[in-house]
Amino acid sequence: MVPLTKGKTNLREIREKEKIDISTEAAVEIRNLDVYYGKERAIKNVSLDILKKKVTSLIGPSGCGKSTLLRSINRMNDLVDGARVEGTIAVDDRDIYSKDVQVSKLRQKVGQVFQKPNPFPKSVYDNIAFGPRAYRHHLRKEKGVFSSFKGIFRREERSPIDGRPMDQVVRDSLEQAALLDEIEEKLHESAIDLSGGQQQRLCIARCLATKPEIILMDEPTSSLDPISAGRIEDLIEELSQEYTVLIVTHNMQQAARISDRTALLWLGELIEMGKTEALFEKPEKEMTEKYITGRVG
Amino acid sequence: MIEKFTNKLSLRILLGLFVLVSFALLFTFFVLFQTFNVYLFLVVVLGTALGWVFFEDSAAKTLLFIASTSAGTILVLIAVFLFLRGFPAFQRDPIFFLTGSEWHVYREIYSLGPMIWGSIIVTFGATIIAAPMGVSSAIFIAKFSPKWLRSILKPAIELLAGIPSVVYGFIGFILLNSAIMDYFDISNMGQYFAPSIILGIMALPTITSVAEDAIDAVPEHMEKGALALGVTKWQAIKEVTLPSASSGIMAALILGIGRALGETMAVTMMIGHKTAFPSPLFDIFDPGETLTSLIASQIGEASGQAVEALMGAGLLLFLIVFVLSVTSRIIQSRLQRRFRRG
Amino acid sequence: MSPVDENISETSVVDKLFVSVEGKLMRRLMLALWLVMGMVFLAISTLTAIWPNFLSNVVISTLGAFLLVAVGLTIVAFKLLKEYQPPMIHFLLSLFLIAFSGVVFLFFPNHGLEIPALEGDVTPQLATISLFFIVTFATVWTGLLFYWENPAHNRQLAVQYFTWVSVAIPLGVLTFFIVYTIMEGSSVITWDFISSASDLMRGEIGIFPAIMGTFSLIIGATVFAVPLGVGAAIFLTEYAKRGWIKQAVGVTADCLWSTPSIVFGLFGYVFLVPRITGHSTLLAGQIILAAMLLPLTIATSTEAITAVPDEFRNGSLALGASKWWTIRRVVLPSSVPSIVTGVLLGVGRIAGETAPIMLIAVASHTNAPNFFSLSPPYFHLGPLFSEVDALPYRLYSIYKAGVGGSIHEAWGTAMVLIALVLMFYGLGISIRSYYRRNRGW
Ligand SMILES: Nc1ncnc2c1ncn2[C@@H]1O[C@H](COP(=O)(O)OP(=O)(O)O)[C@@H](O)[C@H]1O
Ligand SMILES: [Mg+2]
């Protein structure tokens, strides 16, 4: 594992400048990141810190690399043919692109919510239990083969992540995602039949069930109606008590409403990053001002 | 160093190699020495089970890889074994074997000339029937039929391919052969004509479904663009869709020809089994023989050189159909590439 | 192409007829006569060239030609009245003719149509065949007429009509085959016929062993082929990064799929038979049928797995699931219905294969393979290593022995075989359409 000490000094500056609580730490540290798709350079030398238990939003015109940046934090870019990442990203002081990182373990800790709700064609219950069940194979790697068979004869299924009964995990996750009341009776019905907003909250609940530390959201409300979008925004504010949230949005009002910090990307470059109010009220860069007043983009 | 070897990664690879080598040995013994080694088989099964328990992901990947080689393995085995058994027939006198005019089992004279000619006639006849009907029914299904009708027609065409060839042969024999005998007042039942008709019907679904796929694969916006200029749908199809799908349709025709050429039972049941050229050469009402029906009707009782000659016929058939299907594949993939780029 | 007649809708029917009589009707009649004469002449000369016996049948051909002219004239008459209507009348007319020939064929199987002009009877077969040719010529001819004579949108109708007919003909043949087989076969089908073996001493016939044999063959083939085929499809779609691996497997599967069935038989004969027992065995038949089923399974499974949306894969991977877990828990469950459909269609196809098993697996009038018994060890592998009977082979061996005496048995067997195939197809297609409607993506 490669500890990234370089990031710390930077963090001190941020704390001082943005007058943030001295105990705040960075959940993700990105240094000199370049992402290429074939020959095209989609992210150009971006360095930034995402602080723990804060909501950070990424804004910028479409095609500027927001999703790309997001996907490189949980290594979903590995799945794209021809994608290549240079520079370092550290989660919990570990370089996630070093060879000995278990990608699936990383993705369990860094959850993602997609633009289009994508519940599996299974029951609501199975959707939420999916992550914990998939975790069983990590146990095999970490604690030996037999640990993965432990408890298969037990009547009550337990989550291998924290050992709690699966029923409880499911209910807690749904509760956290503010969905339990609506679909308590429909736990064993197909998730495909839920409404769009419910599906998206189900996807958030599904992500919470794996006990992530960081949640990445790529325009989670853009395919929803305004009311469902509003509920998801409320939910995100709730979540920031416990989780680090990084949200990509094309909607500046949304960014202003829900995020603590905001970063503006432009053609793959980081233009400015700072406290949300500061960025929207007195931006440092001319570019930022132009963008938020709608004169470009 | 030692640490490295006890590392799980290496254990995994060692186990994998061990199982793979045992499997290769098992397979080699089976192919070369005609023995099925039960111990090796047990080793393979046990090793696989162990691998599955300890390294499920890698074991799965390896097994899937082996599965993906299975089709190729079978194809190679077919080619090699037909070659080994059939090549001697070619070796003796290749020109005579392919173009001579006699096949006499008792006099031990074997040449495939009449059968090759028979295959050509029958396949040609089948193509004349199947090609226009197949392509135009593909056009209907892809372009003219309403959606509900399409969802009935496609399975129905599939079903046409599903009716067993013995049944085609039997019905053809009972109805068509005697009808033709009556109608044309011929003294024999088996001719090239009757099986051609049945083969045409049998080759049709292949042509229809492949051509339909090709027509369907043409992006709709191309046709829409033409329609927006005010031409009729047929003009749009004729000027835009069909030219773009032409290579796919070509591939469909080639596959259909391959089907007709390789079809066995229907021909065997309807043809006259006379292993000589028809006279005159184009008399489609003479009894005759094709490559497939020759093999099907004679392999049961053949021995010695006759088996070799029949294997030679099989090899020839295999090679022709192989070339046909590779050609159609190349044409098809060219088509796909064009649309991906455009 | 003549120019569009713009104000045709404003003229009355009488006007139209009158105008037509002056101009179009004459042109059409000339064209029609010319076409008919041309075709008859062409047909006569071709047939005479390739078939020396022809002239004795000229009478029949002449009759055909007359009928052709009559039908053609009728159609022209109809067409003139319905100048710019869709050629519905053609559909109806040709449907009627096809139906008529079918009726003649089916319901007068023993009585010829007496036509005094001809010596002797016109058999139903003859009637059907002449009608078939007439319908074909008439449709082609009116189609061409319609195509050449009229503005663009009528050309479209002509083409539509022509393509419609070329779907209708094969499907008509299919329906005819099935109906005819059922009519001939249903009188033979009794419970005894299906559930017992033939008893040659008492002259009873039964195809139970053949049914069981066919089922053992296809079950074995499925057991061998499905894991391999689905596995290959998974490897190709989920693991194989490079295009050439996919290409290579695609090409080999294609070649395997189009390899003639008799070649599979030869291969089994030289490769499997000496390696198993030296004589025909059920196992050899199962393996060869599996080899034939394999490419179909690969193709349909590849298609089914590719159709699973990437969102599901990404959703699963983003939750920390491994690749294999994603495949097993998300990709495969979502594609199982389509895979099952593909396999069922493939099984329907290999169930009727005769050529490959003829040399390596079957013998007629063997006992039904019996894997189970009531006393220990309850389950035997013995039948795998002996011959079986199979439905398609039963049909073929009846044919070979001469259908004269056992024609009913043959039709009964054919009907059971068709029913079996229809069952697999019906099952497969209904699964597919059910899941198309309900899969939710
Ligand atoms: N899968 C991909 N393959 C190739 N290029 C891509 C891919 N995804 C994104 N890009 C390119 O990377 C750039 C950034 O895209 P993206 O991150 O999706 O932007 P955003 O989410 O801000 O709209 C775009 O120019 C886009 O063309
Ligand atoms: Mg995006």
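The values are calculated or read from the model by the stated rules, or taken from the named source; none is laboratory data. Since the structure is predicted, the reported quantities are computational estimates derived from the model, not experimental observations. Reconstructed Cβ throughout: ideal geometry from the backbone, glycine too, with neighbour counts over all protein chains shown. With ligands, DNA and RNA removed, areas are computed over all heavy atoms of the protein, side chains included. Shrake-Rupley method; radii C 1.70, N 1.55, O 1.52, S 1.80 Å.
Residues checked against (1) in a helix (DSSP H, G or I); (2) open to solvent by 50 Å² or more (accessible area, probe 1.4 Å):
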{"residue": "B:Gly200", "(1), (2)": "yes, no"}
{"residue": "B:Thr206", "(1), (2)": "yes, no"}
{"residue": "B:Gly230", "(1), (2)": "no, yes"}
{"residue": "B:Val240", "(1), (2)": "yes, no"}
{"residue": "B:Ser244", "(1), (2)": "yes, no"}
{"residue": "B:Gly256", "(1), (2)": "yes, no"}
{"residue": "B:Ala266", "(1), (2)": "yes, no"}
{"residue": "B:Gly272", "(1), (2)": "no, no"}
B:Ile180 passes all but one of (1) β-branched (Val, Ile, Thr); (2) modelled with pLDDT of 90 or more; (3) open to solvent by less than 30 Å² (accessible area, probe 1.4 Å); which number fails? (2)
Kindly indicate whether any position in the range A:211-229 is outside any helix (DSSP H, G or I), open to solvent by less than 10 Å² (accessible area, probe 1.4 Å), within 16 Å of ligand 2 (Cβ to nearest atom) and away from chain C (no Cβ under 14 Å). no
Say we look at the range C:304-314 and pick out the residues that are within 11 Å of another protein chain (Cβ to nearest Cβ) and assigned to a helix (DSSP H, G or I); which of these is farthest from the chain's Cα centre (by Cα)? C:Asn314
Count, please, the residues in the range A:94-112 that happen to be within 19 Å of A:Lys211 (Cα to Cα) and more than 16 Å from ligand 2 (Cβ to nearest atom). 13
Hey, among A:Gln108, A:Gln102, A:Gln115, which residue is within 11 Å of another protein chain (Cβ to nearest Cβ) and surrounded by fewer than 16 Cβ atoms within 10 Å (Cβ to Cβ)? A:Gln102
Would you call C:Leu317 without any contact (Cβ under 8 Å) to a residue 12 or more places away in the chain, crowded, with 20+ Cβ neighbours inside 10 Å and either within 13 Å of chain B (Cβ to nearest Cβ) or assigned to a helix (DSSP H, G or I) (or both)? yes
Kindly evaluate B:Leu98 against the criterion of being more than 31 Å from the chain's Cα centre (by Cα) and farther than 20 Å from C:Gly231 by Cα. no
Open to solvent by 10 Å² or more (accessible area, probe 1.4 Å), under 30 Å from C:Ala414 (Cα atoms) and without any contact (Cβ under 8 Å) to a residue 40 or more places away in the chain: does that describe B:Gly300? yes
Breaking point among (1) of a type in the set (S, T, N, Q); (2) in contact with a strand residue (DSSP E or B) (Cβ under 8 Å, 6 or more places away or on another chain); (3) at the interface with chain C (Cβ under 9 Å from one of its Cβ atoms), for B:Ser165: (2)
Quick one: in the range A:45-74, which of the residues that are among the basic types (Lys, Arg) and within 16 Å of ligand 1 (Cβ to nearest atom) is most open to solvent (accessible area, probe 1.4 Å)? A:Arg71
Return the total of residues in the range C:414-441 being hydroxyl-bearing (Ser, Thr, Tyr) and at pLDDT 90 or above. 1
Selected residue (only one of A:Met287, A:Met252 is within 15 Å of ligand 1 (Cβ to nearest atom), over 30 Å from A:Ala134 (Cβ atoms) and modelled with pLDDT under 90): A:Met252
Just give me the residues in the range A:259-280 being open to solvent by less than 10 Å² (accessible area, probe 1.4 Å) and assigned to a helix (DSSP H, G or I), in sequence order. A:Thr276, A:Leu279
Specify which of the listed residues (A:Arg75, A:Arg133, A:Arg71) is away from ligand 2 (no atom under 15 Å from the Cβ), within 23 Å of A:Met273 (Cβ to Cβ), within 13 Å of another protein chain (Cβ to nearest Cβ) and charged (D, E, K, R). A:Arg75
Checked the range A:91-122 for anything part of a strand (DSSP E or B), modelled with pLDDT of 90 or more and away from ligand 1 (no atom under 16 Å from the Cβ); matches are A:Val110, A:Gly111
Are any residues in the range A:33-68 in a strand (DSSP E or B), of a type in the set (Gly, Ala, Ser) and away from ligand 2 (no atom under 12 Å from the Cβ), and if so, which ones? A:Ser47, A:Ser57
Sole exception among (1) in contact with a strand residue (DSSP E or B) (Cβ under 7 Å, 6 or more places away or on another chain); (2) at the interface with another protein chain (Cβ under 7 Å from one of its Cβ atoms) for C:Val251, by number: (1)
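Could you check the range A:208-230 and list, in sequence order, the residues that are more than 16 Å from ligand 1 (Cβ to nearest atom), farther than 26 Å from A:Met166 by Cα and of a type outside the set (Ser, Thr, Tyr)?
Result: A:Leu224, A:Asp225, A:Pro226, A:Ile227, A:Ala229, A:Gly230.
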Out of curiosity, is B:Val267 under 26 Å from C:Phe162 (Cβ atoms) and either of a type in the set (Gly, Ala, Ser) or at pLDDT 85 or above (or both)? no
